[in-house]
Amino acid sequence: MSEVKLAAQTRTEFGKGAARRIRRDNKVPGVLYGHGSEPLHLTLPGHDLLLALRTPNVLISLDIDGKTQELAIPKAVQRDPLKGFLEHVDLLLVKRGEKVTVEIPVVAEGELAPGGNLLEHVLNALPVEAEATHIPEQVTVSVEGLEAGASVHAKDITLPSGVTLAVDEDAVVLQVLQAQAEEAAEGEGEGEGEEAAEA
């Protein structure tokens with residue numbers, strides 16, 4: 001998994017006004033917590049953080065005020081609902097060799113059996129326990145040839161070495177649904193249902 005280095009500064013100003021000033025400077029307010037230590041309030045570089053967060057569960061190597069080096073993973077990210085820019089990030093302090101519980105994206109590959117069936121992601125992300133510096137970016141599941149009524153359970157997914165499930169092994173992750181009758185789409189919205197039925 002990738003490790004991204006970010007320079008961070010401790011911050012002493014709090015509240016909405018301070019957060020707005022930080023964001024005006026293309027930076028993001030954040031909090032680093034974990035291991036029973038006092039939460040550390042930080043200012044992080046906005047663009048670099050945005051790029052780092054494109055990788056789920058990215059491992060971030062923080063250089064804090066040029067004095068302290070810490071490892072962290074993103075735990076909660078707040079974005080502006082309209083513009084999508086980062087408003088705040090919570091980071092969880094981790095140590096090399098330590099196990100953490102995270103959710104990793106589930107990616108389906110392959111073609112379902114013929115017949116217009118639909119694949120439903122019951123779980124978009126799979127809760128797992130992994131070593132903090134070896135969190136897989138995703139798990140890939142083959143749905144090749146699956147028919148309506150088929151399910152993929154958590155225990156059916158092959159996990160990388162050192163990664164274990166943090167969810168009931170019988171939990172349904174993916175299921176194949178039978179295509180619904182076309183008439184159900186009619187009458188929804190102005191003309192949209194009819195167009196969908198013709199397609």
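The values are calculated or read from the model by the stated rules, or taken from the named source; none is laboratory data. Everything numeric here is computed off the predicted structure, so don't read it as measured data. Ideal geometry is used to build each Cβ from the backbone, glycine not excepted, and the neighbour counts take in all protein chains shown. Please note that ligands, DNA and RNA were not included when accessible areas were found on the heavy atoms of the full protein model with its side chains. Shrake-Rupley method; radii C 1.70, N 1.55, O 1.52, S 1.80 Å.
I'd like the full set of residues that are buried (at least 16 other Cβ atoms within 10 Å of the Cβ) and either within 20 Å of V167 (Cβ to Cβ) or of a type outside the set (D, E) (or both), limited to region 60-72. If the condition is that a residue be buried (at least 16 other Cβ atoms within 10 Å of the Cβ) and either within 20 Å of V167 (Cβ to Cβ) or of a type outside the set (D, E) (or both), then I60, L62, I64, L71, A72 are the ones that fit. Please find, within region 38-59, the residue that is farthest from I22 (Cα to Cα) out of those that are assigned to a helix (DSSP H, G or I) and not aliphatic (A, V, I, L, M). By that ranking, first place goes to D48.
Looking at E190, E144, can you tell me which residue is at pLDDT below 90 and assigned to a loop (DSSP other than H, G, I, E, B)?
Only one candidate passes the filter, namely E190.
If the condition is being in contact with a helix residue (DSSP H, G or I) (Cβ under 6 Å, 6 or more places away or on another chain) and either part of a loop (DSSP other than H, G, I, E, B) or within 17 Å of E70 (Cα to Cα) (or both), then region 1-28 contributes V4, L6, N26.
Selection of region 24-39 for residues being open to solvent by less than 80 Å² (accessible area, probe 1.4 Å) and either free of Cβ contacts under 8 Å to residues at least 24 places away in the same chain or acidic (D, E) (or both) yields K27, P39. Please work out if L146 is open to solvent by 40 Å² or more (accessible area, probe 1.4 Å) and closer than 28 Å to E3 by Cα. Against the criterion (open to solvent by 40 Å² or more (accessible area, probe 1.4 Å) and closer than 28 Å to E3 by Cα), L146 does not qualify.
For region 55-76, the tally of residues that are under 18 Å from the mean Cα position of the chain (by Cα) and modelled with pLDDT under 85 stands at 4.
Just one of the listed residues (E13, E70) is among the acidic types (D, E) and under 30 Å from V139 (Cα atoms), namely E70. Suppose we filter region 64-79 for residues that are over 20 Å from E98 (Cα atoms) and touching a Leu at 6+ places or on another chain (Cβ under 8 Å); how many remain? Within region 64-79, residues that are over 20 Å from E98 (Cα atoms) and touching a Leu at 6+ places or on another chain (Cβ under 8 Å) number 4.
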